[in-house]
Amino acid sequence: MGKMNQELWTAVDEDLIEYLLPADDVLDGVLRECEAAGLPAIGVSACQGKLLQFLVRMLGARRVLELGTLGGYSTIWMGRALPADGRLITLEVDPQHAAVAEVNIARVGLSERVDVLVGPALETLPRLADGELFDFVFIDADKINTGAYFDWAVKLSRPGSVIVVDNVVRKGAIIQADSDDANVQGMRRFLEQIKSDTRVDATAIQTVGTKGHDGFVIARVVSEHS
Ligand code: SAH
Ligand code: DHB
Ligand code: MG
């Protein structure tokens, strides 16, 4: 997609942020720490972070699970919506990313409520099986295993829980059946899987803005399951 479109999306996003999102020194500081530590700027946009925060608030979520922490930017948006007795568990494979996130989470005063579990999500997820179920899950780790992550997310949820999956559109590449991009194929497998998953009801929204053209799947767990 052309540069002109990206420039327009970015300009509109920046304008919307100006109108709708109060200046936030804390979150700006988090992004500066991420950049200083050399982390890629692949986190959610500010408006998307606030959407995640709204969802946590609207659901009255007490237990939140995140896959893919990076420097903790989306974590902090969601974590700030937790009630005093709420808990957010976030899974991160890269110890360096996790270390940056820990510093950021501590600086914003959320260490008591947020736990960063380091390791491949497929290895840390089974550890959560004995714990309390989650009200909200944000899946944003590697894209290849999204189907498996979604299956875990449903298992660790209750009826009424909501699961958001990031990066399902990938600049529109998702419609390319013959794509040689493993991330795109991972997301295609996930969509194929959710198509016949009777445990959830789902929709998707395409997004444009500072982070380009992408999209979320938003799923609601509908039925009892084992
Ligand atoms: N949610 C973050 C962005 C996450 S970027 C935000 O919006 O601010 C994706 C992250 O997933 C990266 O930090 C990457 O290291 C992590 N990741 C990749 N593979 C993973 C795996 N197998 N298990 C857990 N995390 C993984
Ligand atoms: C990538 C990962 C993300 O979670 C994202 O939102 C954008 C890009 C990536 O790995 O390139
Ligand atoms: Mg993402």
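Do you know which residues across the stretch 85-103 are in contact (Cβ under 8 Å) with a residue 12 or more places away in the chain and of a type in the set (A, V, I, L, M, F, W, C)?
Leu88, Ile89, Leu91, Val93, Ala98, Val100, Ala101, Val103
Might you check whether a residue that is outside any helix (DSSP H, G or I), surrounded by fewer than 24 Cβ atoms within 10 Å (Cβ to Cβ) and away from ligand 1 (no atom under 11 Å from the Cβ) occurs anywhere in the stretch 62-74?
yes
Residue-wise test of (1) more than 16 Å from ligand 2 (Cβ to nearest atom); (2) in contact with a strand residue (DSSP E or B) (Cβ under 6 Å, 6 or more places away or on another chain).
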site	(1), (2)
Leu20	yes, no
Asp28	yes, no
Ala37	yes, no
Gln48	no, no
Arg63	yes, yes
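Can you pull out every residue in the stretch 142-181 that is touching a residue at least 60 places away in the same chain (Cβ under 8 Å), closer than 21 Å to Arg199 by Cβ and either within 13 Å of ligand 1 (Cβ to nearest atom) or small (Gly, Ala, Ser) (or both)?
Keep residues of the stretch 142-181 that are touching a residue at least 60 places away in the same chain (Cβ under 8 Å), which gives 142, 149-150, 153-162, 164, 166, 171-172.
The next check asks that each one be closer than 21 Å to Arg199 by Cβ; those that pass are 149-150, 153-162, 164, 166.
The answer is Tyr149, Ala153, Ser157, Gly160, Ser161, Val164, Asp166.
Just to check your reading of the model, which residue among Val208, Val217 is of a type outside the set (S, T, N, Q) and open to solvent by less than 40 Å² (accessible area, probe 1.4 Å)?
Values: Val208 fails: open to solvent by less than 40 Å² (accessible area, probe 1.4 Å).
Of the residues listed, the single one that is of a type outside the set (S, T, N, Q) and open to solvent by less than 40 Å² (accessible area, probe 1.4 Å) is Val217.
Please work out which residue is nearest to Asn145 (Cα to Cα), limiting yourself to the stretch 174-189 and to residues that are surrounded by fewer than 16 Cβ atoms within 10 Å (Cβ to Cβ) and hydrophobic (A, V, I, L, M, F, W, C).
Ala182
Specify which of the listed residues (Ile174, Ile105) is within 19 Å of Pro83 (Cα to Cα) and in a helix (DSSP H, G or I).
Ile105
Taking the conditions exactly as written (assigned to a loop (DSSP other than H, G, I, E, B) and without any contact (Cβ under 8 Å) to a residue 60 or more places away in the chain), does Val184 satisfy them or not?
So Val184 does not fit the description; no.
Only one of (1) of a type in the set (Val, Ile, Thr); (2) more than 9 Å from ligand 1 (Cβ to nearest atom); (3) outside any helix (DSSP H, G or I); (4) open to solvent by 30 Å² or more (accessible area, probe 1.4 Å) is not met by Val26, so which one is it?
Of the numbered conditions (1) of a type in the set (Val, Ile, Thr); (2) more than 9 Å from ligand 1 (Cβ to nearest atom); (3) outside any helix (DSSP H, G or I); (4) open to solvent by 30 Å² or more (accessible area, probe 1.4 Å), the odd one out for Val26 is (3).
Restricting attention to the stretch 88-116, report how many residues are touching a strand residue (DSSP E or B) at 6+ places or on another chain (Cβ under 6 Å), farther than 24 Å from Phe54 by Cα and surrounded by fewer than 19 Cβ atoms within 10 Å (Cβ to Cβ).
Counting residues in the stretch 88-116 that are touching a strand residue (DSSP E or B) at 6+ places or on another chain (Cβ under 6 Å), farther than 24 Å from Phe54 by Cα and surrounded by fewer than 19 Cβ atoms within 10 Å (Cβ to Cβ) gives 1.
I'd like the full set of residues that are within 14 Å of ligand 3 (Cβ to nearest atom) and touching a Lys or Arg at 6+ places or on another chain (Cβ under 8 Å), limited to the stretch 70-112.
Across the stretch 70-112, the qualifying residue is only Trp77.
Given the conditions (1) open to solvent by 50 Å² or more (accessible area, probe 1.4 Å); (2) over 19 Å from Ile218 (Cα atoms), report the number of the one that Asp142 does not fulfil.
(2)
Name the pairs whose Cβ atoms lie under 7 Å apart, with the first residue in the stretch 39-56 and without any contact (Cβ under 8 Å) to a residue 12 or more places away in the chain, the second within 14 Å of ligand 3 (Cβ to nearest atom) and open to solvent by less than 30 Å² (accessible area, probe 1.4 Å), and 6 or more positions between them or separate chains?
Between residues of the stretch 39-56 that are without any contact (Cβ under 8 Å) to a residue 12 or more places away in the chain and residues that are within 14 Å of ligand 3 (Cβ to nearest atom) and open to solvent by less than 30 Å² (accessible area, probe 1.4 Å), there is no close pair.
The values are calculated or read from the model by the stated rules, or taken from the named source; none is laboratory data. None of these values were measured; they are calculated from a predicted model. Positions of Cβ are backbone-derived with ideal geometry, glycine not excepted, and every protein chain shown enters the neighbour counts. Only protein heavy atoms, including side chains, enter the accessible area calculation; ligands, DNA and RNA are left aside. Shrake-Rupley method; radii C 1.70, N 1.55, O 1.52, S 1.80 Å.
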